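Each remark here refers to the structure printed beneath this line.
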Amino acid sequence: MTGPDPEAEALDGLVAQTRSGDLDAFARLVQALQPRVHRWALAFAADADEADDITQEVFVVALRQMGQYRGHGAFAVWIYRITRRTAGHLRRTRMRRARLAEGPKALPERVVYETDPGGRVDRERLAALVRRHWQELPERQRVVIDIVDLQGHSPGDAATMLELNPATLRANLFKARQAMRRRLLSHFDENGWANR
């Protein structure tokens with residue numbers, strides 16, 4: 001049996017202070033959770049800028065809805081759910097705006113071709129390759145592999161956070177790992193040389 005979680009207790013204390021009107025406590029809560037929320041947002045976002053927007057909006061929503069937090073579960077799970085809903089809302093808004101921008105008056109007169117002025121080092125190319133394949137995964141698989149493999153949560157905790165059946169979560173985790181492995185290995189030959 002595990003003892004009390006000091007981080008969860010500290011967060012609960014900050015939440016209680018925030019609910020009583022202490023904005024300094026909310027600032028400390030944001031500081032404690034911002035890296036985690038940003039990582040979650042990266043799993044939903046198309047790029048780091050979009051993840052920044054999601055992260056900022058999550059804390060605005062969290063402050064506005066702090067009175068709705070009942071304290072029956074971990075505060076981090078509540079924040080994760082806000083992150084997921086906020087990302088979906090921002091994605092739908094951007095898709096609507098993109099459709100509107102596709103109108104004939106929104107198109108530029110000419111397309112400017114931009115090139116990378118310098119060569120890329122191998123690790124930058126590999127990072128770009130990983131990001132590309134990461135974005136090709138279905139959203140649920142991206143989120144699952146991020147929470148379990150990158151953030152170190154157990155599959156059981158991840159299933160609770162995502163409100164998924166544990167078997168469904170494990171199936172998505174297996175599929176995500178298999179897809180990433182297959183896609184990344186397809187870029188290398190049997191000697192470990194990159195296929196160009």
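Spin-label pair Arg177-Glu9: with each label point 7 Å from Cα along the Cα-Cβ axis, the two points sit 3.4 nm from one another. Relative to the current alpha-carbon distance between Thr168 and Arg132, full extension at 0.36 nm per residue lengthens the span by 10.5 nm.
Where a number appears in this text, it was derived from the coordinates with a stated rule and is not lab data. Since the model is a prediction, treat every value here as computed from it, not as a measurement. Don't worry about glycine lacking a Cβ; one is built from the backbone with ideal geometry, like all the others, and counts go over all protein chains shown.
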